[in-house]
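Peer 1: Got a structure for you, questions after.
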Amino acid sequence: MDQESPARPPAALVDPEINPSNELEPHTGRLVGLSLVARLVTDTGTQIFNPFLPYIANGLNIGPISLGWMVSLRSALGILAPLFGSLGDRHGFRNVLCFSLLSCSLGTLLVGLASSWWVATIGMAVWGIGMAGFVPTLHAYLGASLPYDIRARGIGIVEYGWALAGIVGLFSAGWLMTTWNWRAPFFVLSFCMFGMAIAFTSLPKPVPGKKKGSSNAMPSTASFADFFRLGDNARSAYATIFGGGLAFFAAMQIYISHGTWLFIEYGTGPAMLGAIALVLGFSDLAGSVSVSLFTDRIGKLRSVLIGLFGTLIAYVLLPSLNQGLVSAVLGIALTRVFFEFSIVSNITLLSEQVPEQRGKVMALGAAVGLVGMTLAGAIGPWLYLSYGVLGLSVVSTVVTSVSIIVYCLFSREQHPG
């Protein structure tokens with residue numbers, strides 16, 4: 001692939017003062033569209049274990065808790081995200097995006113081909129490496145390309161992919177499992193990820209701009225300690241990163257457990273779980289659409305807090321709503337709407353914390369979020385099997401409360417200038 005040159009992108013794409021328009025440039029419009037499709041594919045892969053965990057585990061001849069640990073391994077490799085983010089800051093984003101998608105494609109294929117737990121584990125690890133690089137690098141690319149005054153709109157549209165993964169992706173996965181077998185969705189996902197890697201080679205090759213004289217800029221030679229120095233706004237940046245990680249853990253331990261929960265308590269099969277995923281996908285879509293409509297207007301930090309307070313209320317209500325399948329799904333859907341609104345708003349909030357090290361900051365945020373997912377994958381199924389929905393509710397409520405405190409005390413919204 002071509003070496004990425006910092007001279008390529010027009011300044012209007014990275015400086016909202018030069019391009020204050022409320023419309024997307026043609027280049028960024030194409031970027032947003034392609035990114036949306038890529039997120040649909042990759043997010044379907046990310047979420048596929050949530051509703052179908054017991055069926056995939058049965059296909060691999062292992063238990064749900066063991067598969068939960070494998071999912072945790074995939075998420076744990078998010079610790080590599082800062083490495084990919086630093087590479088993106090120094091050399092540009094496109095090569096990192098393409099490598100990450102190819103890694104996801106190979107890992108997904110290995111899981112689909114697995115006939116033993118160790119092959120599936122290798123596949124999860126390769127998949128996890130790709131996940132560590134793709135999402136944070138894409139967010140950094142979007143942050144560098146979209147003017148701040150419409151950044152929440154653009155990123156919110158791309159994050160429709162998470163919702164569409166439930167509406168289209170998981171519903172289709174349930175149909176594929178019912179029609180063929182549990183392996184079929186993995187083969188389809190692998191092919192689509194490979195196709196998206198090819199498609200991303202057609203994108204322009206921007207790198208994030210640097211502000212002259214900024215103390216936030218990364219030195220050309222840096223020690224390990226220097227890597228974690230984020231300049232004057234470090235306290236707010238790290239609060240935003242860790243607050244998001246706590247919110248991720250609180251939500252994902254419920255999401256990774258809900259398939260097992262609904263299977264055990266209500267006897268749901270793959271087709272029904274696919275239909276439920278469709279409902280939950282619309283909940284996610286409502287959250288993402290709300291971001292694209294309102295977050296730029298009401299403020300990024302304020303939007304994060306509104307979403308967190310909403311999830312807090314929903315977590316408290318979960319045990320009382322677990323009286324039947326419809327009300328249980330309604331409770332899960334309620335958590336999804338507010339969580340999606342909060343976490344997508346958090347992406348836009350984080351994107352301007354340290355613009356000179358945007359790739360690294362976004363990658364650190366993704367790494368901490370994936371650590372939250374790792375803990376959720378390991379703890380969520382065990383917590384449900386040991387303490388039921390009440391256990392999930394209590395833990396998520398406490399963790400979300402801590403997240404709100406972190407944001408209120410330490411995080412602040414940065415504006416370009």
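The values are calculated or read from the model by the stated rules, or taken from the named source; none is laboratory data. Since the model is a prediction, treat every value here as computed from it, not as a measurement. FYI the Cβ positions are ideal-geometry reconstructions off the backbone, even for glycines, and counts take in every protein chain you see.
Peer 1: Does segment 273-325 hold any residues that are β-branched (Val, Ile, Thr) and either surrounded by fewer than 16 Cβ atoms within 10 Å (Cβ to Cβ) or modelled with pLDDT of 90 or more (or both), and which are they? Write out each step before concluding.
Peer 2: Step one: list which residues in segment 273-325 are β-branched (Val, Ile, Thr), which gives 276, 279, 289, 291, 295, 298, 304, 306, 311, 313, 316.
Answer for segment 273-325, where residues must be β-branched (Val, Ile, Thr) and either surrounded by fewer than 16 Cβ atoms within 10 Å (Cβ to Cβ) or modelled with pLDDT of 90 or more (or both): Val289, Val291, Thr295, Ile298, Val304, Ile306, Thr311, Ile313, Val316.
Peer 1: Which of the following residues is part of a helix (DSSP H, G or I) and surrounded by fewer than 24 Cβ atoms within 10 Å (Cβ to Cβ): Val361, Val406? Working first, answer last.
Peer 2: On the way: Val361 fails: surrounded by fewer than 24 Cβ atoms within 10 Å (Cβ to Cβ).
Only one candidate qualifies: Val406.
Peer 1: Turning to a different aspect of this structure: Among the listed residues Leu80, Leu110, Leu67, identify the single one that is within 19 Å of the chain's Cα centre (by Cα) and either assigned to a helix (DSSP H, G or I) or under 24 Å from Met196 (Cα atoms) (or both). Talk me through it step by step, then tell me what you get.
Peer 2: Working: Leu110 fails: within 19 Å of the chain's Cα centre (by Cα); Leu67 fails: within 19 Å of the chain's Cα centre (by Cα).
None of the others qualify; the one that does is Leu80.
Peer 1: Mind checking which residues of segment 91-120 are without any contact (Cβ under 8 Å) to a residue 60 or more places away in the chain and surrounded by fewer than 19 Cβ atoms within 10 Å (Cβ to Cβ)?
Peer 2: Ser115, Ser116, Trp117, Trp118, Val119
Peer 1: Being in contact (Cβ under 8 Å) with a residue 12 or more places away in the chain, within 25 Å of Leu138 (Cα to Cα) and not aromatic (Phe, Trp, Tyr) narrows it down to one of Glu356, Glu265, so name that one.
Peer 2: Being in contact (Cβ under 8 Å) with a residue 12 or more places away in the chain, within 25 Å of Leu138 (Cα to Cα) and not aromatic (Phe, Trp, Tyr) holds for just one of Glu356, Glu265, which is Glu356.
Peer 1: Could you name every one of the helices (runs of 4 or more DSSP H) located completely within segment 114-205 that has at least 2 residues being at pLDDT below 85 and farther than 15 Å from Asp43 by Cα?
Peer 2: Filter on segment 114-205 gives 117-145, 151-158.
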